[in-house]
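First the structure, in the form of structure tokens, and then the observations on it.
Quick note: the coordinates plus some simple rules give every number you see, no bench work behind them. Being a predicted model, the structure only gives us computed values, none of them experimental. Cβ: placed from backbone, ideal geometry, glycine included. Neighbour counts: every protein chain shown.
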Amino acid sequence: MVKFREIIRLHELGYNQSEIAQSCAVARSTVQDYIRRASGKGLSYDDLCQLSDSEAQARLGKGKQPPIETVIDFAMVHRELQGKGVTLALLWQEGLDQQRWSLSYGQFCRRYSQWKGQQNLSMRQSHQAGEKVFVDYCGQTIPVYDPLSGTSQSAQIFVACFGASNYTFAEATPAQTLAHWIGSHERALAFFGGVPKAIVPDNLKSGVTDPCRYEPGVNQSYHAFAEHYQVAILPARAKKPRDKSKVEKAVQEVERQILAPLRHKRFTSFSDLNTAIRERLKQLNERVMKSYGGSRRDLFEQVDLPALQPLPMHPFVFARWKSAKVNLDYHLEVDQHYYSVPYWFVRRQVNVKISESLVEVFFDHQRIAMHPRSSAPYRHTTSPEHMPPEHWAYKCQSKDTFLAWAQQVGPQTHLQVTAIFAAKAHEEQAFRTLKGLQSLATRYGPQRLEDACRRANTFDLVGYRRLKAILKAQLDRPVHRVEVPQAPAAAHDNVRGADYYH
């Protein structure tokens, strides 16, 4: 995921800098810096999407920052921050005034964040209305039996809950693959009837490609889902269950209130299992919680539901991504079918987006090709504009095109080309010969080729070699007759004169 585009996207959606920093796993100063640069340049998220990575970085004027060497007592800074109204900006300015440091505000915030991450500090989390949905899978599974073979498959139980109201969604899926993961998200949001500001997943491989504590990588398909629903993805830190304590509790409730009562039932399909889960889930959400004095549903309708964003007008189209290298024939392989890209991207590494109906190819964040998806194995889908000019010219060869060319040169050339086609068993056998005729027209000119064809047609000569020999020997040129004057006959006794024959 390209961080600077995600920062600007979330900023335009109204998230504050701390939330953006948490979602993108970067320092808040970095967020502030990119926002200032983009605002100063007048660049929006849509503008950045139209630029390549290198162009966008150049427009933003992003450069390296000098190393930090100043020693700061961040324990004192942290204690001061507990006071009401005290901010990092205030403490940084006071330190500048007292000449305790000379580093920039961004460096100060970055170093404080690094120090704070090493202290293992704990904080009681408070959740705003409609802010976050926490998602995870239960460790417990339920077997689903095949009625014919009797074999069983372990159903994976997906759980999602709101932070403020604890309103819970649960369903069973065959696996934890990317398609099931995103599908469960879609059904959960449809169940809730709206979209929260953020989704907090565990470091599941389907959603998080790199479970780094400070810079987790989000799967491209999962990121596309977030863009479609205009929601932020805030992955929980690896081995930090407190980041998703809400869903940990929801998983426990689902296992106790739903899965445990169903342990003795035998299910032969996932639809039957999900029907049973929905019945128990309704009871769970409507059960009164003593600590809140109301049910999860009541709290959800009062607190979270009014704050949710509306669902998108169009459903999300799931697509998977893969990296591929363009072959020498300017095609790449997707599910045993070959799709073309512009020939100047040969040997380049590209990203391929594969949906149910389309195959899209991207290079440097720019789409360079799009094809309808084909299920025909070992076939090629090629766009004419992707072919080199010489390949396109060869592909366009046909009897009609050669006859049209010959007609432009002249009637004798057209007659010769017709004779060449008649001499071949198949039309394509004549194409190479006719390419030779076109080369003769380029070398000697159309008029000389027409004259050579006239001479060849006169003597029923057909073929490239005959025409080349005529042109080389200049037999195509008209013969100029020279009148030789006759000398008068010499007078001699043995020479009979004209009168002799009278």
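In units of the rule-of-thumb radius 2.2 N^0.38 Å, segment 3-117 shows an alpha carbon radius of gyration of 1.18.
Take the Cα of LYS265, step 7 Å toward its Cβ, do the same at THR442, and the gap between the two points is 7.7 nm. Using 0.36 nm per residue and subtracting the Cα-Cα separation, the extra length available between ASP335 and GLN128 on full extension is 70.0 nm. Take the Kirkwood radius over Cα pairs of segment 267-314, plug it into Stokes-Einstein at 10 °C and 1.306 mPa s, and you get 123 µm²/s for translational diffusion. In segment 374-482, Cα pairs under 8 Å separated by at least six residues give a relative contact order of 23 percent. Structure note, pairs LYS197/LYS325; LYS325/LYS399; LYS399/LYS468; LYS132/LYS282: Cα-Cα distances above 26 angstrom occur for LYS197/LYS325; LYS325/LYS399. According to the calculation over all Cα-Cα pairs in segment 319-392, the P(r) per 5 Å bin from zero is 3, 18, 31, 28, 15, 4, 1 %.
Taking 0.36 nm per residue of separation and subtracting the current Cα-Cα distance, fully stretching the chain between ARG465 and GLN93 would add 124.9 nm. Each of THR401, THR381 was scored by other Cβ atoms within 10 Å of its Cβ. Listed from fewest to most, they are THR401, THR381.
Computed 3J(HN,Hα) for segment 15-29, one whole-Hz value per residue from the Karplus formula 6.51 cos²θ - 1.76 cosθ + 1.60 where θ = phi - 60°, is 6, 7, 5, 5, 5, 5, 4, 5, 5, 8, 6, 10, 5, 5, 5, glycine and proline marked x. Residue pairs exceeding 23 angstrom between C-alpha atoms, taken from LYS246/LYS353; LYS62/LYS353; LYS249/LYS290; LYS435/LYS472: LYS246/LYS353; LYS62/LYS353. Note: segment 397-472, Cα convex hull, 73 Å³ per residue. Sorted fewest first by neighbouring Cβ atoms within 10 angstrom, ASP33, ASP73, ASP136 come out as ASP73, ASP33, ASP136. Available extension along the chain between THR141 and ASP46 is 29.9 nm, counting 0.36 nm per residue and deducting the alpha carbon span.
Using the Cβ-Cβ distance between ARG59 and SER398 with R0 set to 41 Å, the FRET efficiency works out to roughly 0.30. In segment 329-408, Cα pairs under 8 Å separated by at least six residues give a relative contact order of 28 percent.
Report the GluC sites (Glu not before Pro) located in segment 262-369 that are in a DSSP loop and have at most 15 other Cβ atoms inside 10 Å of their Cβ, or state none.
Numbers: sites: GLU279, GLU286, GLU301, GLU333, GLU356, GLU360; in loops: GLU356.
Counting only loop positions with at most 15 other Cβ atoms within 10 Å, the GluC sites (Glu not before Pro) in segment 262-369 are GLU356.
Only counting other Cβ atoms within 10 Å, I'd like GLU186, GLU427, GLU171 sorted with the fewest neighbours first.
Working: GLU186 16, GLU427 13, GLU171 22.
Ranked by crowding around the Cβ, least crowded first: GLU427, GLU186, GLU171.
Find, among the chymotrypsin sites (Phe, Trp or Tyr not before Pro) in segment 312-410, those assigned to loop by DSSP (not H, G, I, E, B) with at most 14 other beta-carbon atoms within 10 angstrom.
On the way: sites: PHE316, PHE318, TRP321, TYR330, TYR338, TYR339, TYR343, TRP344, PHE345, PHE362, PHE363, TYR378, TRP392, TYR394, PHE402, TRP405; in loops: PHE316, PHE318, TYR330, TYR378.
Hits after loop and neighbour filter: TYR378.
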